[in-house]
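**Q** The following block contains the structure, expressed as structure tokens.
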Amino acid sequence: SQTIHQWPATLVQPVGSPLSLECTVEGTSNPNLYWYRQAAGRGLQLLFYSVGIGQISSEVPQNLSASRPQDRQFILSSKKLLLSDSGFYLCAWRFGRLATGELFFGEGSRLTVL
Amino acid sequence: GNSVTQMEGPVTLSEEAFLTINCTYTATGYPSLFWYVQYPGEGLQLLLKATKADDKGSNKGFEATYRKETTSFHLEKGSVQVSDSAVYFCALSSSGGGADGLTFGKGTHLIIQP
């Protein structure tokens, strides 16, 4: 069976510090991978998605970036965090061949920028 | 573009009450429709889905029917429990074959009182 893990679960960072959130999927190959952000009262916002190694599509211009160095690894980064980057970040995957199928989510990472 | 509209709540019910959470959507073509549930501090879990008109998705006593004529996918449960307290998200996937994830509603916060 397939599993998804993301870490760290909780992070408190000062403004201007760097960020790295990591997500890995096990039990499948060539998944589509996604990063969403959930801010209080604002639902889910798609940040990035990837259909393959090194292929990143950005949905929202911001100071965040994403990378996919391996087939089942997806990393969300920032060089300098802003207060507005605080939120709950969710990684998700989908079977690559099912462009209309459901997403499977990780446990989430709570980021607080002070 | 695609969009999903759902009541945000909070919706407060007594245990064993009947639940309806409304969801309507705007999309081109024939999207697949989903309900996700999020418990406090956790990621999203797929609750049920429907992939074509008149399909009924069901799971754990919850059900929803894909109504193309009214562009709706309302979530229902006959008798709710305290453990059903959570945030519920309605979502749709593009029928155009794009890999850009799901479009989510803003979520409905459900509170069940004993």
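The values are calculated or read from the model by the stated rules, or taken from the named source; none is laboratory data. Everything numeric in this text was worked out from a predicted model, so none of it was measured. Glycine gets a Cβ as well: all are built from the backbone with ideal geometry, and neighbour counts include every protein chain shown.
**Q** Would you be able to tell me the number of residues in region B:55-67 that are exposed (fewer than 14 other Cβ atoms within 10 Å of the Cβ) and assigned to a loop (DSSP other than H, G, I, E, B)?
**A** 2
**Q** While we're on this one: Would you please list the contacts, defined by Cβ atoms under 6 Å and residues six or more apart or on different chains, that run from a residue in region B:88-101 that is at pLDDT below 75 to a residue that is assigned to a loop (DSSP other than H, G, I, E, B)?
**A** These pairs meet every condition: B:Ser95/B:Gly29; B:Ser95/B:Tyr30; B:Ser95/B:Pro31; B:Gly97/A:Ala99; B:Ala99/A:Ala99.
**Q** Say we look at region B:37-60 and pick out the residues that are within 10 Å of the chain's Cα centre (by Cα) and among the aliphatic types (A, V, I, L, M); which of these is nearest to the other protein chains (Cβ to nearest Cβ)?
**A** B:Leu46
**Q** Name every residue in region B:86-106 that is surrounded by fewer than 19 Cβ atoms within 10 Å (Cβ to Cβ) and more than 24 Å from A:Gly52 (Cβ to Cβ), in order of residue number.
**A** Across region B:86-106, the qualifying residue is only B:Lys106.
**Q** Where in region A:1-79 are the strands (runs of 3 or more DSSP E), entirely inside, with at least 1 residues that are touching a residue at least 24 places away in the same chain (Cβ under 8 Å) and more than 16 Å from B:Gly43 (Cα to Cα)? Before you say what the answer is, go through the steps one by one.
**A** Working: elements: A:3-7, A:10-13, A:19-26, A:32-38, A:44-52, A:55-58, A:64-70, A:73-78.
Correct list: A:10-13, A:19-26, A:32-38, A:44-52, A:64-70, A:73-78.
**Q** While we're here: Scan region B:71-80 and give yes if some residue there is within 9 Å of chain A (Cβ to nearest Cβ) and either assigned to a loop (DSSP other than H, G, I, E, B) or out of contact with any helix residue (DSSP H, G or I) (no Cβ under 7 Å at 6 or more places or on another chain) (or both), otherwise no.
**A** Checking region B:71-80: not a single residue is within 9 Å of chain A (Cβ to nearest Cβ) and either assigned to a loop (DSSP other than H, G, I, E, B) or out of contact with any helix residue (DSSP H, G or I) (no Cβ under 7 Å at 6 or more places or on another chain) (or both).
**Q** On to the next question. With respect to B:Gly41, is the statement that it is without any contact (Cβ under 8 Å) to a residue 40 or more places away in the chain, under 23 Å from A:Leu44 (Cβ atoms) and surrounded by fewer than 17 Cβ atoms within 10 Å (Cβ to Cβ) true? Write out each step before concluding.
**A** Values: without any contact (Cβ under 8 Å) to a residue 40 or more places away in the chain: yes; under 23 Å from A:Leu44 (Cβ atoms): yes; surrounded by fewer than 17 Cβ atoms within 10 Å (Cβ to Cβ): yes.
Answer is yes for this residue.
**Q** So, one more: With in contact with a Ser or Thr (Cβ under 6 Å, 6 or more places away or on another chain) and at pLDDT 95 or above as the only criterion, which of B:Lys56, B:Lys77 stands out?
**A** None of the other options fit; the residue is B:Lys56.
**Q** Could you tell me how many of the residues in region B:1-35 are more than 18 Å from B:Phe62 (Cα to Cα) and surrounded by fewer than 16 Cβ atoms within 10 Å (Cβ to Cβ)? Steps first, answer last, please.
**A** Of the residues in region B:1-35, the ones more than 18 Å from B:Phe62 (Cα to Cα) are B:1-5, B:8-10, B:25-31.
Restricting the remaining residues to those that are surrounded by fewer than 16 Cβ atoms within 10 Å (Cβ to Cβ) gives B:1, B:3, B:5, B:8-10, B:26, B:28-30.
Residues that pass the stated criteria total 10.
**Q** Taking the condition of being within 10 Å of the chain's Cα centre (by Cα) and not in a strand (DSSP E or B), how many residues in region B:1-36 meet it?
**A** Of the residues in region B:1-36, 1 are within 10 Å of the chain's Cα centre (by Cα) and not in a strand (DSSP E or B).
**Q** Going through region A:92-114 one residue at a time, which ones are within 21 Å of B:Cys90 (Cβ to Cβ) and in a strand (DSSP E or B)?
**A** A:Ala92, A:Trp93, A:Arg94, A:Phe104, A:Phe105
**Q** Restricting attention to region B:44-74, which residues are free of Cβ contacts under 8 Å to residues at least 12 places away in the same chain and closer than 30 Å to A:Trp35 by Cβ?
**A** B:Gln45, B:Asp55
**Q** Being touching a strand residue (DSSP E or B) at 6+ places or on another chain (Cβ under 9 Å), of a type in the set (Val, Ile, Thr) and within 14 Å of chain A (Cβ to nearest Cβ) is the requirement here; does B:Val11 meet it? Reasoning before the result, please.
**A** Values: touching a strand residue (DSSP E or B) at 6+ places or on another chain (Cβ under 9 Å): yes; of a type in the set (Val, Ile, Thr): yes; within 14 Å of chain A (Cβ to nearest Cβ): no.
No; evaluated as a whole, the condition is false for this residue.
**Q** Can you name the residue in region A:57-114 that is more than 11 Å from every other protein chain (Cβ to nearest Cβ), of a type in the set (Lys, Arg) and surrounded by fewer than 16 Cβ atoms within 10 Å (Cβ to Cβ) and is also nearest to A:Glu22 (Cα to Cα) among such residues?
**A** Selected residue: A:Lys79.
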